[in-house]
1. How far apart, in nanometres, would the label points at Asp438 and Arg154 be if each is projected 7 angstrom from Cα along the Cα-to-Cβ direction?
2. Relative to the present Cα-Cα distance, how much length would full extension add between Thr383 and Val72 at 0.36 nm per residue of separation?
3. How big is the charge dipole of the chain about its Cα centre, in debye rounded to the nearest 20, if each Lys and Arg gets +1 on its Cβ and each Asp and Glu gets -1 on its Cβ?
4. Quick check on the chain: helices-only [θ] at 222 nm, where DSSP H runs of length 4 and up contribute -39,500 (n - 2.57) each and the sum goes over total residues. Nearest 500, please.
5. Take the alpha-carbon centre of segment 148-201, take the same for segment 303-353, and report the distance between them in whole Å.
6. Kindly give the semi-axes, whole Å and largest first, of the ellipsoid equivalent to the chain, taking each as the square root of 5 times a Cα gyration tensor eigenvalue.
7. For the chain, set up a Gaussian network in which alpha carbons nearer than 10 Å are linked by springs, and say which option among Met66, Met382, Met122 fluctuates the most.
8. Please provide three numbers in whole Å: the alpha-carbon extents of segment 152-233 along the principal axes, with the largest listed first.
Amino acid sequence: MDSRVKQFMAKIEAKNPAEPEFHQAVMEVAETLIPYIEEHPRYKHAKILERIAEPERIIIFRVPWMNDKGEVEINRGFRIEMNSAIGPYKGGLRFHPTVNLGVLKFLAFEQVLKNSLTTLPMGGGKGGSDFDPKGKSDNEVMKFCQSFMTELNRHIGPNTDIPAGDIGVGGREIGFLFGQYKRIKNEFTGVLTGKGLEWGGSLIRPEATGYGAVYFAEEMLKTKGDSLKGKTCVVSGSGNVAQYTTEKINELGGKVVTLSDSAGFIYDPKGIDKEKLAYIMELKNIKRGRISEYAERYGVEYFNGERPWKIKAFAAFPSATQNEINEEEARLLISNGCKVVSEGANMPSSPEAIEVYLEHKILYGPGKAANAGGVAVSGLEMTQNSMRLPWSREEVDRRLQEIMKNIHSTCVKHGSEENGYVNYVKGANIGGFVKVADAMLAQGIV
Ligand code: NDP
Ligand code: 2IT
């Protein structure tokens, strides 16, 4: 490793102890940005990299609530307000037992560069709780969301900080959070995105992250004169991102053969078609069941406790969580002929896995570029809320496609190497950084 990166990381690690995911996210960016900053001393003198690695503000709070048995439960709530140089803080809320400060700081850090790549005026933030929605009744989820928002409301606002969904936070949770915000503030505003269509939501927002990750893969493939048509794809997860990734791959003539959850994965060699996907959506979004039930229903194989990367495929769409592909799995994917990895999830590939992709020069779209479609359409939801005028499905989808194309060309611009290979990691990091850095320079030492 470059000695400058080593020195920089030693300081980050000393200052942010016991936050391995945050260190990982910063390191991936520092490795490409430090050489770039050396060539652009104005960023160096203003210590922009050091500043973007320090959150502008962190809020941590107690979330007490009462479960259906009448017992008091206590969770911890967080909001990381990472960077507001180019717009109000924007980013999702994650409800999952693995949530802690380091995980949310990694997500908030990535969000700053991702939001900048969208070309929309959004700063970066992230929040959530160690609350586990699994196995909870609707009433318990509502009680928790109301308590969470009773504290969070004073820190957010449509021009200050606009949360949205992430793992464990979908339409149901956004509804409960919005209801409580409105009740406390007596204001109907676009303070959250991912809202229902009847109350300020945008068409295509639920689809946006998955669709965007597929559009990004298509853009990368276009540079090789290829496409997903007729190709076998592996997808992980079975939540929001995985579902709409599958829908779009099907629409474009590809075939999705795997989906997973935290317990294991299913392998359906015939492909998860429209009708089977409708079953998954009902199973996951309404019944809140397990992916193993798919295997029982359709008589396909279920791999308990395993991840889908050993299945032969042309393209991989990791869409569950961070660090779900390690070095060995990356090698397995490539030896099975995988030519494209487009990350719907945030930081799903370990640093060693990324090295394998780059070493084999495959088309690798890192999360902050490939999954930016979700927050981009959140940005479009904010625009529609400000105008008090909704756009049609076609209009939003057209803008989403345009944004994904734009992100792709930004990556090509900043990530093309002398041998012609596009290093999308470098491209996304530098492309996202420049706008934020220039805004910070213009705004002085704040
Ligand atoms: P959902 O909660 O809808 O689905 C999450 C899926 O991932 C579930 O299938 C879940 O399985 C699985 N999963 C979650 N945690 C783990 C884990 N620790 N190990 C294995 N599997 C796990 O979330 P989303 O689909 O919204 O989010 C998926 C990924 O996409 C996340 O990385 C998120 O940050 C990222 N993302 C989401 C965006 C959005 O708009 N929603 C935008 C950009 C990125 P189980 O049901 O068993 O928990
Ligand atoms: O990681 C992400 O980009 C999201 N979870 C979406 C954030 C948003 O504000 O829509």
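Throughout, read-outs are computed from the coordinates displayed, never taken from laboratory work. Fair warning: this is a prediction, and the values are worked out from it, not measured in the lab. Here the Cβ is made from the backbone with ideal geometry for all residues, glycine too, and neighbour counts use every protein chain on show.
1. Simple spin-label model gives 3.9 nm for this pair.
2. On the way: separation 311, 0.36 × 311 = 111.96 nm, distance 3.98 nm.
Length gained between Thr383 and Val72: 108.0 nm.
3. Details: 57 positive and 57 negative charges, 158 e Å.
Value, rounded to 20: 760 debye.
4. Details: 17 runs with 215 residues, N = 446.
-15000 deg cm²/dmol, from helical runs alone.
5. 33 Å
6. 30, 29, 21
7. Taking springs between Cα atoms under 10 Å, the residue moving most is Met66.
8. Per principal axis, max minus min of the Cα coordinates gives 54, 23, 21 Å.
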